[in-house]
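A short reminder: the numbers here are calculations on the coordinates, not readings from a lab. Model, not experiment: these values are computed from the prediction. As a convention, Cβ positions derive from the backbone with ideal geometry for all residues, glycine included, and neighbour counts pool all protein chains shown.
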Amino acid sequence: MRLGPLNLDIYRRLFREVGEDWLWVSMLEVGDDEVRGILAHPSIETYSMRDGDRDIGLLELDFRVPGECEVVYFGVVKDAIGKGTGRFLMNQAIAKAWAQPIERFWLHTCTFDHPAAVGFYRRSGFTPYKLMVEIHDDPRLMGLLPKTAAPHIPLLESAPGAE
């Protein structure tokens, strides 16, 4: 289902449900008007994958750079992982991207993403081409995500008196 500015609640809920264990935070740091603007942008396509009445996958494709499509967000909810749901969603992403006049289809991922993400992207035809180091404050300590999010990633809280 294509999401638009009237689907802000669906987008916010799905972004959190898909991304919480991988510390997705960028769309939690921006206001509703900015998110609605993204959902309304004619060169950005945002989709919810549905299973019956339930949203289980998120896909966002950005065509703002001429000749390119970036997969901005891609993921499925926790209980859909390993069931072919991600493959189905990626196949849709590939078809939608290459249906446009593009020369480059790309994405970036993070070491905090699912451990199978890089292998999945490689099997989908993507080739790693760059390694970057980015440092961000932990969104669990900023109150953007609960401290129980991403239990596989150490939560480094300051020791009393260490500030």
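Results, tabulated for the structure shown:
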| item | result |
| --- | --- |
| Pairs with Cβ under 9 Å, 6+ apart, first in the stretch 40-55 and without any contact (Cβ under 8 Å) to a residue 40 or more places away in the chain and of a type in the set (A, V, I, L, M), second assigned to a loop (DSSP other than H, G, I, E, B) and surrounded by fewer than 16 Cβ atoms within 10 Å (Cβ to Cβ) | Ala40/Gly4; Ile44/Arg64 |
| Members of the stretch 61-80 found to be among the aliphatic types (A, V, I, L, M) and within 14 Å of the chain's Cα centre (by Cα), listed by number | Leu61, Val71, Val72, Val76, Val77 |
| Filtered residue count, the stretch 92-123, keeping only those that are more than 19 Å from Val76 (Cα to Cα) and of a type in the set (Asp, Glu) | 1 |
| Residue list for the stretch 1-26, filter: in a helix (DSSP H, G or I), under 27 Å from Ile135 (Cα atoms) and in contact (Cβ under 8 Å) with a residue 12 or more places away in the chain | Tyr11, Arg12, Arg13, Leu14, Phe15, Arg16, Glu17, Val18, Gly19, Glu20, Asp21, Trp22 |
| Any hit, the stretch 126-140, residues being farther than 19 Å from Leu23 by Cα, in contact (Cβ under 8 Å) with a residue 12 or more places away in the chain and not β-branched (Val, Ile, Thr) | yes |
| Candidate set from the stretch 74-90 (those that are buried (at least 21 other Cβ atoms within 10 Å of the Cβ) and touching a Leu at 6+ places or on another chain (Cβ under 8 Å)); member that is nearest to Leu59 (Cα to Cα) | Phe74 |
